[in-house]
Amino acid sequence: ERLLREPWRVVELDEKEATRLPYPPFTTATLQMEAHRKLGLGAAETMRVAQKLYENGHITYMRTDSVNLSEEALTAARTRIQDLYGADYLSPEPRRYKTKTKGAQEAHEAIRPAGQAMLPPDELPLTGKEKALYDLIWKRAIATQMAAARLRFQTVTLEVDGAQFKATGRRVEFAGFFRAYVEGTDDPEAALEDQESPLPPLEKGEQVECRELAPQSHETKPPARYTEATLVKALEAAGIGRPSTYASILGTIVERGYVLRHRKELVPTFTAYAVTKLLEQHFPELVDLSFTAGMEQRLDDIAAGDAGWLDYLRQFYLGDRGLAQQVSEKEATVDPRSIVAVEIEDRSAEVRIGQFGPFLIWSEGEQKLTTSIPLDIAPSELTLDVVRRLRSLKTEGPRKLGPDPESGLEVVVKMGPYGPYVQLGEDGGNGSKPKRASLLKGMEIEQVTLETALKLLSLPRALGDHPVSGKPIKASVGRFGPYVQHERNYVSVKEPLSVLTITLEQAVALIDAAPEKRGGGSKKTLAELGAHPKDGKPVRVMDGRYGPYVNHGRLNATLPKDTVAESLTLEEALVLLEAKAEAGGGKSKSRSRTTKSRTRK
């Protein structure tokens, strides 16, 4: 309040100019990082899409840690920049990059658009993820040969009644390569380099008005969890792995249950803690960061003929301190229970990892009790309240909600390895497996009522028929959450809608607004070509998972490589469909198997 009443003056004003040089062209690691940041693609999916682009001749080889560009690429990029942006945006001389990655193998050049034309994405027959990834690669390669960006940074110091405040601003004087490409960031609060935040025109000694003043506390934050992008960056910096192995490393730690994916973050599980504990305590040399990098060097020596592969393997496994000897010693001395145990804060229970996942174990008098920990609960989420809740569910038994009005069976809430769920009866009424339904995300066990439980148990529920197709629509919950289904089209149900209360009209609106999906890939109609002359059914050009194709009923025909989907005529489509039918397209697998079986007989 006192400072607001006093005059504010500018006591210092500094300005400085800085330049930003373009980023190197993509390597495997940096492509995986940037595709994760900007497109939300995992490392494995990025490599699948890049493989498709490479096979179709659109990009150079995508497994490389080299940032070198060939003379062909330099010439093509500079020509394209001249045509698109003009001479002012072209770097004075061709810009070349040198690989600095530890242990890099430069058998290939950097990832770039293939050929001499450096064609932009819109001039190629690409759609969906392939187009988005090619667009990243094209922009990054083009940017390498563009002029540097010039930025002006401003810092102003304000003084009032003996207190000083500082403000900083940024203005882009010349965009340079920012016109083509700006690298993403792993910090969600960080501004991109081409974003301006200029200060108003100020002069030293000038009096300014303070319109608002508020005290704000600031707390330092712990380091962020790894994402796929930052983990690949760390692996590359430590010299662990190769361009061809980053995706498989990430896939392995997820598939073996060492990490959970929460949003984009990789969260370690209890199993990861136990395995890490075992390795660090009893096999420390195997988890030393220098071990993998050293092994990579030994393998390089073997490949170059400077070392023998059999001698290396024999020493590693069967030497005096080889792996076989170490494992034999540890088996005799290490208590497995000490390895699979993870201590928790109040010691009222202990976490252990068993054959079917983590579980709590504690004592009730002389009795030892255990209960499963849901697999989707990370160690950081196992608070004391969660521990007490899991224990009470075990000791007090399932929470009874009341009888089902139709069957008379008791409806209960239980906790299982995959989280809380509701169950109808104990044996399903006739000795069969009882009906179960998991709670929806955000639901707490204590808040579940009989009405809510019965709605969950009623899933999947029929909502009615689609007003156009006449086909049924149903609502249910699957692996990826709540959804509504119409034929083979599945659409997620998100807040404020609920799968338990969604109406037919709301479901129809969701389905009609979403692209058609079949077989796990998005399918969008690119063009309606007209009716087929034989049966009157529509002939369409569709955009599918593997690119555009012609569709007529159950018959699909892929477009030739250089065909522009939007310019295809009905006559051309009929020729493609006829050729596909003659080649055996559209026949069901079961019919084909039957025919082969009869032929063999």
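The values are calculated or read from the model by the stated rules, or taken from the named source; none is laboratory data. Keep in mind it's a predicted model, so treat the numbers as computed, not measured. Here the Cβ is made from the backbone with ideal geometry for all residues, glycine too, and neighbour counts use every protein chain on show. These accessible areas exclude ligands, DNA and RNA; they are computed on the full protein's heavy atoms, side chains included. Shrake-Rupley method; radii C 1.70, N 1.55, O 1.52, S 1.80 Å.
Summary of computed values
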item: Correct choice for Cα Rg over 2.2 N^0.38 Å that was computed from the model, options (1) 1.19; (2) 0.93; (3) 1.25; result: (3)
item: Sequence-distant aspartates and glutamates (8 or more away, or on other chains) whose Cα lies within less than 16 Å of K330; result: E280, E285, D320
item: Heavy-atom accessible surface of the chain: percent carbon and sulfur, 1.4 Å; result: 50 percent
item: Binned Cα-Cα distance frequencies in region 61-220 - 5 Å width, integer %; result: 1, 7, 12, 14, 15, 13, 10, 7, 6, 7, 5, 3, 1, 0
item: Difference of contour (0.36 nm per residue) and Cα-Cα distance, N68 to T168; result: 32.3 nm
item: Simple Cβ-charge dipole of the chain, Lys/Arg +1 and Asp/Glu -1, about Cα centre, in debye nearest 20; result: 2760 debye
item: Net lengthening on full extension, R152/T19 (0.36 nm per residue, minus Cα-Cα); result: 47.0 nm
item: Segments 205-215, 149-159, 324-334 sorted - mean Cβ within 10 Å per residue, highest first; result: 149-159, 324-334, 205-215
item: Kirkwood hydrodynamic radius over Cα pairs of region 210-261, then Stokes diffusion coefficient at 37 °C and 0.692 mPa s, in µm²/s; result: 233 µm²/s
item: Structure-based [θ]222 nm, the chain - -39500 (n - 2.57) summed over DSSP H runs of at least 4, per residue, nearest 500; result: -9500 deg cm²/dmol
item: Computed label-point distance, nm, for sites A579 and R314 using a 7 Å Cα→Cβ extension; result: 5.9 nm
item: Which of K455, K129 is most accessible, then next, and so on - probe 1.4 Å; result: K129, K455
item: Average accessible surface area per residue within region 179-306, 1.4 Å rolling probe, Å²; result: 67 Å²
item: Area accessible to solvent at F270, 1.4 Å probe radius, in Å²; result: 10 Å²
item: Per-peptide average of other Cβ atoms within 10 Å, ordering 120-126, 379-385 highest first; result: 120-126, 379-385
item: Options P113, Y54, L31, ranked by Cα towards positive dipole end of region 1-125, top entry (Cβ charges); result: L31
item: Positive dipole terminus of the chain, leading residue within L235, A341, L124 (C-beta point charges); result: L124
item: Residues with amide H under 5 Å from that of R9, placed H, sequence gap 5 or more; result: E159, V208
item: Residues of type aspartates and glutamates that K435 reaches as a straight line, Cα spacing below 13 Å, ignoring anything fewer than 8 places off in the same chain; result: D404, E410, E426, D427
item: Longest to shortest principal axis, alpha-carbon extents of region 244-359, angstrom; result: 57, 40, 23
item: Filter on K98/K221; K129/K561; K264/K474; K264/K394 - keep pairs with C-alpha separation over 25 Å; result: K98/K221; K264/K474; K264/K394
item: Signed unit charges on C-beta, dipole axis of the chain, positive-most listed residue I473, M443, A247; result: I473
item: Cα extents of region 1-136 along the three principal axes, largest first (Å); result: 70, 37, 36
item: Mean accessible surface per residue for region 1-154, computed with a 1.4 Å probe while every protein chain stays in place, in Å²; result: 48 Å²
item: Paramagnetic reach from L199 in region 7-37 [backbone N under 15 Å; point 7 Å along Cα→Cβ]; result: 8-17
item: Around L299: net Lys/Arg minus Asp/Glu count, Cβ-Cβ under 14 Å; result: -3
item: At q = 0.14, 0.17, 0.18, 0.20 Å⁻¹, base-10 log of I(q)/I(0) for region 47-120 (Debye sum, equal scatterers on each alpha carbon); result: -0.51, -0.72, -0.79, -0.92
item: Virtual spin-label span in nm between K441 and K368, 7 Å along Cα→Cβ; result: 3.7 nm
